[in-house]
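Contents: one structure, followed by commentary.
The values are calculated or read from the model by the stated rules, or taken from the named source; none is laboratory data. Because the structure is predicted, anything quoted here is derived from the model rather than measured. As a convention, Cβ positions derive from the backbone with ideal geometry for all residues, glycine included, and neighbour counts pool all protein chains shown.
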Amino acid sequence: MKKTLAGLGKLNKFIAISLPLLLSIFLMRMESLAYRELSPPECRVKKWDIPVSFTQKQKAPLIERLPITCCQNDRSCLDEVIYGKIPEKKALIGAIARSLQYLQTANAAAAYQNYPVAGITRDRVIKSLQRFRELLLKTNSATELHQAIEREFVLYQSVGKDNQGSVLFTAYYEPLYAASRVPTTEYRYPVYRLPPDFNSWTKPHPTREELEGADGLQSAKGKLRGLELFWFRDRLEPYLTQIQGSAKLQLPDGTQTTIGFAGNTAYNYKSIGRELIDDGKLPQEGVTMPIILDYFQKHPQELNIYIPRDRSFVFFQENHGEPAQGSIDVPLTAERSIATDKSLMPPGALALIRASIPFVNPTGKMQERIISRYVLDQDTGGAIKGAGRVDYFLGTGKIAGDRAGVTVSNGQLFYLLLKSKN
């Protein structure tokens with residue numbers, strides 16, 4: 001749903017930019033955070049990477065293997081928060097229900113009709129989700145659930161970016177911004193509805209600068225006149241909303257609403273973070289989202305230089321409080337939805353991710369730890385390409401945004417399917 005950008009954009013219901021990708025979109029690298037709960041090297045790497053014997057057998061994006069046996073005392077192997085003090089079982093069950101809803105649609109039937117990995121069918125994905133849900137309801141611990149999965153499921157592991165299972169993880173979120181339905185001296189920078197005649201626009205489409213001007217205030221002179229949907233106070237906010245693909249808005253009267261992806265122009269996204277690095281404004285290493293945002297806070301006049309360099313443009317619709325949606329047209333679930341390349345990965349399917357993810361500790365500091373999480377593949381993104389990319393949805397608001405801005409790590413991606421293919 002991102003670019004769905006939340007990440008890159010859906011030109012239609014199947015090409016979503018995702019809420020997915022502030023981070024990957026800005027091409028940033030994260031410096032090591034203060035804390036990392038590591039499992040022993042043999043557990044952290046050897047058990048999770050694709051065995052060498054597998055890598056020469058096929059060129060498919062997913063390789064079938066048995067579930068990973070947890071090392072003794074390796075807490076990172078288990079999805080313990082499902083059964084934690086604030087259980088996440090209900091959220092996971094809800095996400096499963098949304099995937100099952102999608103899998104009954106004609107769009108799902110079409111997506112699986114020519115799926116490139118033998119043995120992965122829509123019917124098998126449905127049965128696997130249903131059985132996993134049953135196990136969730138009847139088990140009382142992460143260990144018990146993991147043992148049941150070892151008995152009943154096989155894993156299809158992504159070959160990753162190196163054919164050894166290494167997958168780059170980033171994260172995305174739904175921002176919360178102040179906005180107005182009408183322009184004022186305070187609220188000046190709009191986002192736009194999809195033009196009613198958009199399908200008749202000739203290509204190449206107008207660029208971002210041609211549509212809204214270098215300063216983001218010239219839309220009344222061109223094709224976007226009268227299509228303003230909401231106005232923002234800051235030049236960067238509507239642009240970041242285009243990157244994320246959706247946003248929750250706080251209106252002056254105290255009410256809230258939401259906007260979501262409605263379409264995009266036919267240009268590839270260009271990272272303004274990468275442009276800053278190439279121009280020598282930021283260092284080649286150690287650049288994170290907070291660093292990029294801090295740069296523009298100190299040099300706001302340069303937004304009118306760098307934002308127009310991204311020729312792509314995203315349109316929105318008001319969703320009246322509905323949660324952010326993924327590319328399969330179901331609401332996303334914080335910590336339980338991911339975005340992948342849907343030309344390779346099975347939409348709506350149950351997956352297990354393992355990666356290093358930052359969390360905010362009780363003192364307010366960011367700490368990083370390796371986690372395993374059961375998730376649903378419910379989104380895609382224009383910058384999420386290939387078997388070696390995953391974008392992890394972290395939810396709505398500032399904390400989710402802070403975490404997404406520094407999420408970048410290598411990990412593994414697996415899909416869970418029942419052993420029986422009948």
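Looking for whichever is at pLDDT 95 or above, part of a helix (DSSP H, G or I), touching a Leu at 6+ places or on another chain (Cβ under 9 Å) and within 24 Å of F313 (Cβ to Cβ) here; the options are L211, L135. Which one fits?
The unique qualifying residue is L211.
From the list L33, L22, which residue is touching a Gly at 6+ places or on another chain (Cβ under 7 Å), at pLDDT below 95, of a type in the set (A, V, I, L, M) and more than 22 Å from Y374 (Cβ to Cβ)?
Working: L33 fails: touching a Gly at 6+ places or on another chain (Cβ under 7 Å).
Matching residue, one of L33, L22: L22.
Which of (1) touching a Ser or Thr at 6+ places or on another chain (Cβ under 8 Å); (2) of a type outside the set (K, R); (3) buried (at least 17 other Cβ atoms within 10 Å of the Cβ); (4) assigned to a strand (DSSP E or B) does N410 not meet, given it meets every other one?
That leaves (3) as the condition not met.
Quickly run through segment 388-407 and pick out the residues that are buried (at least 24 other Cβ atoms within 10 Å of the Cβ) and at positive phi.
Those that are buried (at least 24 other Cβ atoms within 10 Å of the Cβ) and at positive phi: none in segment 388-407.
Report, ordered by the first and then the second residue, all pairs with beta carbons closer than 8 Å, sequence separation of six or more or different chains, a first member in segment 265-291 that is closer than 15 Å to L303 by Cβ, and a second member that is of a type in the set (S, T, N, Q) and not in a helix (DSSP H, G or I).
K270/S312
Based on what the data block shows, is D79 crowded, with 19+ Cβ neighbours inside 10 Å, within 27 Å of V408 (Cα to Cα) and modelled with pLDDT of 80 or more?
yes
Is there any pair with a first residue in segment 292-318 that is under 25 Å from R181 (Cα atoms) and a second that is among the aromatic types (F, W, Y) and surrounded by fewer than 18 Cβ atoms within 10 Å (Cβ to Cβ) whose Cβ atoms are under 6 Å apart and which are 6 or more apart or on different chains, and what are they?
These pairs meet every condition: S312/Y267.
What number of residues within segment 209-254 are more than 30 Å from P331 (Cα to Cα) and of a type in the set (K, R)?
Total meeting the criteria: 3.
Could you pull out the residue among Y173, Y189 that is of a type in the set (F, W, Y) and at pLDDT 95 or above? So that I can check it myself, show each step before the final result.
Numbers: Y173 fails: at pLDDT 95 or above.
The unique qualifying residue is Y189.
Would you check if there is a residue in segment 110-117 being under 24 Å from G245 (Cβ atoms), in the same structural domain as K47 (by TED's automatic domain parsing) and in a helix (DSSP H, G or I)?
Let us first name the residues in segment 110-117 that are under 24 Å from G245 (Cβ atoms), namely 110-111.
Checking the rest, the ones that are also in the same structural domain as K47 (by TED's automatic domain parsing) come to 110-111.
Filter again for in a helix (DSSP H, G or I), leaving 110-111.
Among the residues of segment 110-117, at least one is under 24 Å from G245 (Cβ atoms), in the same structural domain as K47 (by TED's automatic domain parsing) and in a helix (DSSP H, G or I), which makes the answer yes.
Just for segment 281-315: of the residues that are more than 27 Å from S409 (Cα to Cα) and of a type in the set (D, E, K, R), which one is nearest to the chain's Cα centre (by Cα)?
R311
Out of (1) in the same structural domain as A179 (by TED's automatic domain parsing); (2) hydrophobic (A, V, I, L, M, F, W, C); (3) out of contact with any strand residue (DSSP E or B) (no Cβ under 8 Å at 6 or more places or on another chain), the odd one out for V314 is which?
With (1) in the same structural domain as A179 (by TED's automatic domain parsing); (2) hydrophobic (A, V, I, L, M, F, W, C); (3) out of contact with any strand residue (DSSP E or B) (no Cβ under 8 Å at 6 or more places or on another chain) applied to V314, the lone miss is (3).
Look through segment 381-405, keep the residues that are part of a strand (DSSP E or B) and more than 17 Å from N163 (Cα to Cα), and return whichever of them is modelled with the lowest pLDDT.
Going through the qualifying residues, I end up with T396.
Any residue in segment 163-178 that is under 19 Å from A349 (Cα atoms) and among the polar types (S, T, N, Q)?
Looking through segment 163-178, none of the residues is under 19 Å from A349 (Cα atoms) and among the polar types (S, T, N, Q).
Please find, within segment 245-302, the residue that is surrounded by the fewest Cβ atoms within 10 Å (Cβ to Cβ) out of those that are in a helix (DSSP H, G or I) and touching a Gly at 6+ places or on another chain (Cβ under 6 Å).
As a first pass, look at segment 245-302 and keep what is in a helix (DSSP H, G or I): 272-278, 289-298, 300-302.
Next, from what is left, pick out any that are touching a Gly at 6+ places or on another chain (Cβ under 6 Å): 289-290, 292.
On the way: M289: 23, P290: 14, I292: 24.
Ranking the candidates gives P290 first.
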